[in-house]
C-alpha cells in the first residue's frame, strides 16, 4: 500500500509561491497527488499531498531541505506529516458517552489514519466500560471546583502518553489556561449551538420553550477564552413542528457526534491551518 505524506504551508501572498512549491517537489522527484490552495486578503495557504516513497527520514530532515523555499517568502510557517508515522489520540469524557462512542468507533473502523487511542480520562466511573470494550488505558480522575486539584493528575497522565491530539468528548469541565499551555498538543472540543443561544443546566428545555427552529453543534480548537477557539466544523439540523424535548436532545446528540468526529478527522488528517483565531480547513 502506498504511503501518503502532506505539507501544510502558509506565507504572505505574493507572486511565485505555487511555482516554488512545485519546483521543490520536482527537484526531489516527487509527484504531487493533491494540491489545494487558498488566499485571503494578505495570506496564502496550501496543502500538498504525495504518495509513495520520499527521500526524507523525518520532519526535521524535510524542514532542513525545505527551508530554502520557505526563506523566499514573508511570514512563512509550515509543517509536514508522514502518515506512516503512528499518531496518538487522547480522549476526555464525562457522563454523556455519545461523542466518545462515535470517536471510538471511527478509530476502530480505520477512519483516522494510523491512529491509536492512547488513553481515556473521565470524571465519571461509568465511562470505564467503554475503555474496557476497546482495550484502552482508562484513568478515572475526580474533578473539583478548584481545577488545580485534578489538572495536575491529568497532566501527569498526558505526559506519560505524549498524545499528538486530545479530544474533549463532551468533557464538561472548563480547562485552565495553564492546563492548555502544559498539555503539549492541540485540543479539540465540542459543544451544542442553539440559535438563539441558551445557557444553563437545561438548554434544550429553554430552546423548546423558545420555539427554536435549528439545533447545531460546533467543534473547535481549545484556547483559554471559553468556547472561542478556531472553529473546525459546524452543522445544524432542523427542528420540526411537534418535536418534543426528548426528540430535540436525540437529534442534538446526533449532530454533536457527527461534528466532533469530523473535526477530529480533519485534525488527524492534517487538513487544518489556524491563524488569527480562524481555521482554514481543506477538503
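Derivation of every value follows stated rules applied to the coordinates shown; laboratory data play no part. These figures come from a predicted structure and were not determined experimentally. Cβ sites come from the backbone with ideal geometry, for glycine too, and all protein chains shown count toward neighbours.
Could you please rank 51, 129, placing first whichever residue has the fewest other Cβ atoms within 10 Å of its Cβ? List each step's numbers first, then the result.
On the way: 51 16, 129 10.
Lowest to highest Cβ neighbour count: 129, 51.
Extension gain for residue 141 to residue 72 (0.36 nm times residue separation, less C-alpha to C-alpha distance): 20.0 nm. Computed from Cα atoms, the angle from the helix 98-108 axis to the main principal axis of the chain rounds to 40 degrees. Inter-label distance, residue 36 to residue 225: 2.6 nm, where each label sits 7 Å from its Cα along the C-beta direction. Annotation for residue 173 and residue 88: the two label points, set 7 Å from Cα along the Cα-Cβ direction, are 2.0 nm apart. One chain, two ends: residue 65 and residue 238. Fully extended at 0.36 nm per residue, the span grows by 57.2 nm beyond their Cα-Cα distance. Picking from 80, 259, 15, which is most flexible by a Gaussian network model of the chain using Cα springs under 10 Å? Answer for the Gaussian network model of the chain: 15.
Seen against the Cα atoms of the chain and their longest principal axis, helix 17-27 is set at about 70 degrees.
Using a Förster radius of 25 Å, what is the FRET efficiency between residue 58 and residue 20 based on their Cβ-Cβ separation? Nearest 0.05, please. All intermediate terms of the calculation are to be shown ahead of the outcome.
Working: r = 23 Å, r/R0 = 0.91.
The formula returns an efficiency of 0.65 here.
Annotation: the antiparallel percentage among DSSP beta bridges lying fully within region 133-244 is about 80.
If you take every DSSP beta bridge whose two residues both sit in the chain, what share of them, in percent to the nearest 5, is antiparallel? Each step should come with its number before you reach the end.
Details: 40 of 58 bridges.
Among the beta bridges of the chain, antiparallel pairing accounts for roughly 70 percent.
Taking the chain as a Gaussian network of alpha-carbon nodes connected by springs under 10 Å, the highest mean-square fluctuation of the residues 164, 105, 189 belongs to 105.
Based on the convex hull around the alpha carbon atoms, the chain presents an average projected area of 16.8 nm². Note on the chain: with a GNM built from Cα contacts shorter than 10 Å, the maximum mean-square fluctuation among 79, 149, 170 falls on 149. Take every pair of alpha-carbon atoms less than 8 Å apart whose residues are at least six positions apart; their mean separation over the length of the chain yields a relative contact order of 16 percent. Once the mean of 1/r is taken over each pair of separate Cα atoms and inverted, region 4-82 shows a Kirkwood hydrodynamic radius of 12.7 Å.
The long axis of helix 148-161 is offset from the longest Cα principal axis of the chain by roughly 40 degrees. Across all Cα pairs in region 1-140, the calculated P(r) in 10 Å bins from zero up to the longest distance comes to 10, 32, 22, 21, 13, 2 percent per bin. Full extension of the chain segment joining residue 283 with residue 153 gains 43.1 nm, where the gain is 0.36 nm per residue of separation less the Cα-Cα distance.
Percent of alpha carbon pairs in region 219-273 separated by more than 15 Å? Intermediate results must be reported in sequence, preceding the final value.
Values: 838 of 1485 pairs.
The proportion of pairs with Cα distances above 15 Å equals 56 percent.
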